[in-house]
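Asker: The structure's right below; bear with me while I get my questions together.
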Amino acid sequence: MTQPVLHAPSADFTATAHVDAARYDEMYARSIADPDGFWGEQAQRLDWMARPTK
């Protein structure tokens, strides 16, 4: 099996990203520590026909 080729994002892309590596780590830790609270907050960012209950 061949190793996948990784391509780093451009500096322009990373400069305008909504989440950097530190914020990602923080969000991931919260999703593990409080999954219902974390995903409940994330669900509020979307428009729903019917809000999820679980």
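What follows draws every value from the coordinates through simple rules; no lab data is involved. On a predicted model such as this, the values are computed, not experimentally measured, just so you know. Counting neighbours? That spans all protein chains shown, and the Cβs are built from the backbone with ideal geometry, glycine included.
Asker: How tilted is helix 21-33 with respect to the longest principal axis of the chain? Cα atoms for both, answer in degrees (0 to 90, nearest 10).
Answerer: The answer is roughly 40 degrees.
Asker: A further question follows. Would you mind computing, in nm to one decimal, how far apart the modelled labels at THR16 and MET49 are, each placed 7 Å from Cα along Cα→Cβ?
Answerer: 3.3 nm
Asker: Chymotrypsin sites (Phe, Trp or Tyr not before Pro) within the chain: which are DSSP loop residues with at most 13 other Cβ atoms inside 10 Å? Before the final figure, lay out each step's value.
Answerer: Working: sites: PHE13, TYR24, TYR28, PHE38, TRP39, TRP48; in loops: TRP48.
Here the sparse-neighbourhood loop sites are TRP48.
Asker: Could you give the nm distance between label points at PHE38 and VAL5, where each point is 7 Å from its Cα heading toward the beta carbon?
Answerer: About 3.4 nm separates the two model spin labels.
Asker: Tell me what the chain gives for mean residue ellipticity at 222 nm when only DSSP H runs of n ≥ 4 count, each as -39,500 (n - 2.57), the sum divided by the residue total, rounded to 500 deg cm²/dmol. Working shown, then result.
Answerer: Values: 3 runs with 27 residues, N = 54.
Dividing the helical sum by the residues of the chain leaves -14000 deg cm²/dmol.
Asker: Rounded if a/c is under 1.5, else prolate if a/b beats b/c, else oblate: with a ≥ b ≥ c from the C-alpha gyration tensor eigenvalues square-rooted, which is segment 1-40?
Answerer: Numbers: a/c = 3.63, a/b = 1.56, b/c = 2.33.
The shape class here is oblate.
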